[in-house]
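Trainee: Have a look at this one before I ask anything.
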Amino acid sequence: MYVCLCNGITESDVREAGRAGCLTPCQLKSKFRLKQNGCCGRCAKNIHQLVDIAVQGASEPCTAER
Ligand code: FES
């Protein structure tokens, strides 16, 4: 599911960012360049949801390396 339509960011992208250590609102905004380039900023207003998804991703075991 898309969490940011302007930049085409999915929940999966955010989980992966969480696994890579992006867990704070500032880190996520910076990584995904939210509120830049004339984007609507809707997802940045709901950044706490992205943080929750990233934290979930960080706590999940990584299955890609098996
Ligand atoms: S939905 Fe993310 S910037 Fe518009």
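Trainee: If I filter the range 5-27 down to residues being farther than 13 Å from Ala58 by Cα and in contact with a strand residue (DSSP E or B) (Cβ under 8 Å, 6 or more places away or on another chain), which single residue comes out as surrounded by the fewest Cβ atoms within 10 Å (Cβ to Cβ)?
Mentor: Here the residue is Gly8.
Trainee: Still on this structure, please answer the following. Just to be sure before I move on: is Ile47 out of contact with any Cys (no Cβ under 7 Å at 6 or more places or on another chain), within 13 Å of the ligand (Cβ to nearest atom) and in contact (Cβ under 8 Å) with a residue 24 or more places away in the chain in the structure I sent?
Mentor: So Ile47 fails the test.
Trainee: Provide a single number: the residues in the range 6-30 that are at pLDDT 90 or above, more than 14 Å from Gln49 (Cβ to Cβ) and either acidic (Asp, Glu) or within 13 Å of the ligand (Cβ to nearest atom) (or both).
Mentor: 2
Trainee: Could you tell me how many of the residues in the range 31-51 are at pLDDT 90 or above and surrounded by 13 or more Cβ atoms within 10 Å (Cβ to Cβ)? So that I can check it myself, show each step before the final result.
Mentor: So in the range 31-51, the residues at pLDDT 90 or above come out as 31-32, 47-51.
Okay, now just the ones that are also surrounded by 13 or more Cβ atoms within 10 Å (Cβ to Cβ), so 31-32, 47, 49-51.
Total satisfying the criteria: 6.
The values are calculated or read from the model by the stated rules, or taken from the named source; none is laboratory data. Since we're looking at a predicted model, the values are computed, not measured. Positions of Cβ are backbone-derived with ideal geometry, glycine not excepted, and every protein chain shown enters the neighbour counts.
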